[in-house]
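Undergrad: After the structure tokens below, expect a handful of questions from me.
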Amino acid sequence: MELTKHIETIESGYEFLLAYAAQGRPAKAETGPGPHARPTIEGMAEAMQAIGTALSASEDAFELVIAEDCRKAGAALQFILNQEAIGSEIVDNLNASIHLRAVLTDLFLYSEAIEPLAEGEAAPSMSYDATKTDG
């Protein structure tokens with residue numbers, strides 16, 4: 001399901017951004033060997049746009065909340081992408097954004113409702129590699 005793929009992109013992207021923020025990278029244009037935050041943030045922004053679009057015409061009140069939260073968090077992601085230099089400090093502040101955290105909480109709840117884990121089943125490991133594309 002396409003929606004599930006977008007949810008995973010956002011959740012695993014957030015995990016990457018947490019690790020990135022902890023590295024203490026200075027704000028500078030992203031060149032040379034990575035990993036870099038920009039590709040991950042771009043992927044998350046695209047996934048939020050897709051989820052927002054998919055759910056914006058829903059008749060379900062919670063799906064409308066998710067769409068609106070994706071719009072707000074997407075604006076924060078776009079703000080970061082508009083910066084010439086991205087470092088750990090700005091990523092750390094993005095991670096702390098109530099808008100991004102609202103989307104994550106929404107998606108954790110929504111994911112469990114649409115695909116609950118079976119008893120004893122472990123949640124899959126979320127790892128996002130911005131260098132990989134689906135073609």
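Undergrad: Spelling out what I want: for every residue of the range 85-92, take phi, set θ = phi - 60°, compute 6.51 cos²θ - 1.76 cosθ + 1.60 (Karplus), and round to whole Hz; glycine and proline get x.
TA: Running phi through 6.51 cos²θ - 1.76 cosθ + 1.60 with θ = phi - 60° gives 10, 10, x, 4, 5, 5, 5, 4 Hz.
Undergrad: Quick query: amide H of Ile86 versus all other amide H atoms, modeled in the peptide plane; which residues come in under 5 Å with a sequence gap of 5 or more or a different chain?
TA: For Ile86, the qualifying residues are Lys28, Glu30.
Undergrad: A further question on this structure: If neighbour count is taken as other Cβ atoms inside 10 Å, put Val103, Val91, Val65 in order from fewest to most. Can you show the working numbers first?
TA: Details: Val103 30, Val91 24, Val65 15.
By the 10 Å Cβ count, ascending: Val65, Val91, Val103.
Undergrad: What shape does the range 49-92 have by the C-alpha gyration tensor, where a ≥ b ≥ c are the square roots of the eigenvalues, rounded means a/c under 1.5, and otherwise prolate means a/b greater than b/c and oblate the rest?
TA: Numbers: a/c = 4.84, a/b = 2.95, b/c = 1.64.
Prolate, since a/c reaches 1.5 and a/b exceeds b/c.
Undergrad: By its C-alpha gyration tensor, with a ≥ b ≥ c as the square roots of the eigenvalues, how is the range 1-111 shaped: rounded for a/c under 1.5, else prolate for a/b larger than b/c, else oblate?
TA: Here the range 1-111 falls in the prolate category.
Readers should treat all values here as calculations from the given coordinates under stated rules, not as data from a laboratory. Source: prediction; values computed, not measured. Cβ sites come from the backbone with ideal geometry, for glycine too, and all protein chains shown count toward neighbours.
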